[in-house]
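Report on the following structure.
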Amino acid sequence: MLRYIVQRLIAMAITLFIIISISFFIIHSMPGSIVDDPMLPEDVKLAIEDKYHLNDPLPVQYGYFLKDFLSFNFGTSIKVQPRVSVFDIIKAKLPITLQVNIFSLILTVPVGIILGIVAALKKNRAADHIISIMVILFISVPSFVFAALLQYFVAFKWGLAPILLSTDATLTWTKFKSMILPVLALSFGGIATITRYMRAELCEALNSEYMLLAKTKGLSQVQATVRHAIRNSFIPLANIIIPMFFSILGGSMVIENIFGIPGLGQLSVSSINALDHPLTIATLFFYSLISLLSILVVDLSYGIIDPRIRIGGRK
Amino acid sequence: MKNREKVLQVKNLYITFNTFSGKVHGVRGVNFDLHKGETLAIVGESGSGKSVTNKAIMGILSKNANIEDGQILYKDKDLTKFSDKQFTKIRGSEISMIFQDPMSSLDPVMKIGKQIMEAMLVKENISKAEAKEKALNLMAAVGIPEPEKRFNQYPFQFSGGMRQRIVIAIALACDPDILICDEPTTALDVTIQAQILDLIKEIQEERQISVIFITHDLGVVANVADRVAVMYAGKIVETGTVDEIFYNPQHPYTWSLLASMPDLDTDASDELLVIPGTPPNMLYPPKGDAFAPRNRYAMKIDFKKEPPMFKVSDTHYAATWLLHPDAPKVEKPEALTRRIEKQKERQVADNE
Ligand SMILES: Nc1ncnc2c1ncn2[C@@H]1O[C@H](COP(=O)(O)OP(=O)(O)OP(=O)(O)O)[C@@H](O)[C@H]1O
Ligand code: SF4
Ligand SMILES: [Mg+2]
């Protein structure tokens, strides 16, 4: 097991290295310069460009970049928050993103599971059809469309909730109310995914031989479903729920921009727009790290949840 | 002979299935009695309705099934009228069932011990400690070595034969009076098969339960059964004691089954009889005798009218026009006659 983890970590490091290298070259080949103010005297401009090695050939810049990166010196922001370490910027943005996303997760997981169970138990009946239509709608309509619709109808037309996120620093009632719409917009996709998955897994489990045995040994339909079918269908569900826990760290660029949430998603968009390369790469690195970690945790968690791997794998 | 008290009576059971292509007539008027303490084997080829009949007894027919006609009498009650709730009460504690595939019958993520105790804890008023004790005894009884250790293991840590033993232990957990075994050894290899058969026989004798044993292997029947019912195309075509079916079969389908069964004496040079044709499509149950198109002794009447059950002896009945007094005298296939002779000789030799 330990060896497996080490192998995975090494593979992860290589993947991360490739990702930041590719993003370095892509980002630096974007047109434009950070010093594009026409009022700036030419020598000041040169001095700034020199400071960030912007006039060296790209491979040389890459060398500088790698050297800094490998010594965990991620640099400072150039334009978004000049001279602030990118590490500190991300650290400051993270709680804002987390707050919205945790609420979204609290909504997504139980609602998705319950809808999935209902759909599976009422398979091919009205409830199942209604849920299926909802799932298709939630999966196929992009979240920003929902966000815009929610803003227009719920916030603007009916005035039931604020359009933008409140700027209160702590979780006040106003803040909570202003979070309702972004949380909803963030959750629809996840709910649909979990519902669809849960329904499929549970339908399969309900038709399994062990359900038949559970019934013939004298359990009622409800007992057999709860003790055997649902329990079994939770295992593959971990596959999609665990990455969701990690993705709450990331935040959604689109939703954060629409609702004015000053979180990580918005940060990465503004850093790209401002050609703030160190900040862009740092956010990209952070996103990649999260997704790779979540894959690793999914794999490892199987060894904990599923006895077939937990005990079988030990041999 | 055996105690003749009837514990279960299936009367004229007729079951159809709604499918996209139409109504499938899975079981078409099945009659049999199960006596206390006996093993009744139901044999017949794939699709003859063996499983459907027994699923009806357990109340686990699929949703598209309709019981069109007939009764299943158990303790003066008709099981065909039972709700799922009523069935839940008798399942496990009165009638229990084990299935063909021990690999998938156990919940893969629940410990063996828990699966055995589960029904006891739900159905019976006993403490966890008592249930555990009972489960361990059961595990020992079905031949699991080191039950204490095995109790806390998961199904994947058991071999196929071991799993089938566990399934048997689960089926016996609430002391049923009737045990239905639906091809319990088909998925196992031959040596394990014999062990499981012995185990079922042993349990049957020890607990004096009644067993319905479904199989398409006549060789197995000779080992475990007291009586045999031969099914074809949703009907029982011949029923009798094991001796009657093996030494004095009357129905041409039974003849073919017997003649197509390899035994110890069969070698490569012996010809095994192959039953020509395929079973009828149960979407359109045939007029006349369902076996007629595959039966080389078929007469005109066979394609028009279904034969009734003719009585051969008090315990032996067969549904074939050949038993009609007016029917021409037809001899069993020669190969079968020879084989029966051989078997009889062997039996005599065994007994000496
Ligand atoms: N759920 C179902 N829907 C439609 N038809 C069914 C269903 N279950 C069984 N049947 C039909 O009923 C008939 C009897 O099936 P059954 O399973 O009882 O056969 P069997 O004798 O147990 O065969 P096997 O030896 O293969 O287990 C078959 O023609 C089958 O196609
Ligand atoms: S009734 Fe006719 S077709 Fe059917 S088994 Fe007897 S002889 Fe053959
Ligand atoms: Mg079957």
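Using 0.36 nm per residue, how much length does the chain from residue A:42 to residue A:26 gain when fully extended, once their Cα-Cα distance is taken away?
3.1 nm
So which of B:201/B:305; B:235/B:304; B:50/B:305 end up more than 28 Å apart by C-alpha?
The answer is B:201/B:305.
Among DSSP beta bridges lying fully in the protein assembly as shown, give the percent that are antiparallel, nearest 5.
65
Determine, from the Cβ-Cβ distance of residue A:62 and residue B:149 and an R0 of 56 Å, the FRET efficiency 1/(1 + (r/R0)^6), rounded to the nearest 0.05.
Here the calculated transfer efficiency is 0.40.
May I ask you to evaluate 6.51 cos²θ - 1.76 cosθ + 1.60, the Karplus curve with θ = phi - 60°, for each residue of region A:100-116 and list the ³J(HN,Hα) values in order in whole Hz, giving x for glycine and proline?
4, 5, 5, 4, 4, 5, 4, 7, 5, 5, x, 4, x, 5, 5, 4, x
So what is the calculated 222 nm ellipticity per residue for the protein assembly as shown, using -39500 (n - 2.57) for each DSSP H run with n of 4 or more, over all residues, to the nearest 500 deg cm²/dmol?
-16500 deg cm²/dmol
May I ask you to evaluate 6.51 cos²θ - 1.76 cosθ + 1.60, the Karplus curve with θ = phi - 60°, for each residue of region B:287-295 and list the ³J(HN,Hα) values in order in whole Hz, giving x for glycine and proline?
For region B:287-295, the Karplus curve yields 6, x, 7, 4, 8, 3, x, 9, 9 Hz.
Lysine pairs in chain A with Cα distance under 19 Å, only those 8 or more apart or on different chains: how many are there?
The number of close lysine pairs in chain A is 8.
Placing +1 on the Cβ of each Lys and Arg and -1 on the Cβ of each Asp and Glu in region A:189-315, which of A:303, A:246, A:190 has its Cα farthest towards the positive end of the resulting dipole?
Of the listed residues, the answer is A:303.
Using square roots of five times the C-alpha gyration tensor eigenvalues, list the equivalent-ellipsoid semi-axes of the protein assembly as shown in whole Å, biggest first.
71, 27, 25
Can you return the aspartates and glutamates within cross-link range of residue B:132? Criterion is Cα-Cα under 16 Å, with same-chain partners fewer than 8 residues away left out.
By straight Cα distance, residue B:132 reaches B:118, B:124, B:146, B:148, B:175.
Need the list of aspartates and glutamates near residue B:332 for cross-linking: C-alpha distance under 16 angstrom, and skip anything on the same chain fewer than eight residues off.
Within the straight-line limit of under 16 Å, residue B:332 reaches these aspartates and glutamates: B:238, B:244, B:271, B:341.
Tell me, what ³J(HN,Hα) does each residue in region A:150-161 have, in order and in whole Hz, if you take phi through Karplus 6.51 cos²θ - 1.76 cosθ + 1.60 with θ = phi - 60° and put x for Gly and Pro?
With the stated coefficients, region A:150-161 comes to 4, 4, 5, 7, 5, 8, 7, 5, 9, x, 7, 8 Hz.
So how long is each side of region A:1-156 along the principal axes, counting just the alpha-carbon atoms, biggest first, in Å?
Extents along the principal axes, in whole Å: 73, 55, 27.
Can you give me the distance in nm between label points at residue B:73 and residue B:309, each placed 7 Å from the Cα along the Cα-to-Cβ direction?
Distance between the two pseudo-spin positions: 1.3 nm.
What does DSSP give for chain B in terms of the percent of beta bridges that are antiparallel, rounded to the nearest 5?
Percent antiparallel among DSSP bridges in chain B is about 60.
How much of the calculated P(r) for region A:86-314 lies past 22 Å, in percent of all Cα pairs?
Percent of Cα pairs beyond 22 Å in region A:86-314: 60.
Readers should treat all values here as calculations from the given coordinates under stated rules, not as data from a laboratory. What you are looking at is a predicted structure, and each value in this text was computed from that prediction instead of being measured. Counting neighbours? That spans all protein chains shown, and the Cβs are built from the backbone with ideal geometry, glycine included.
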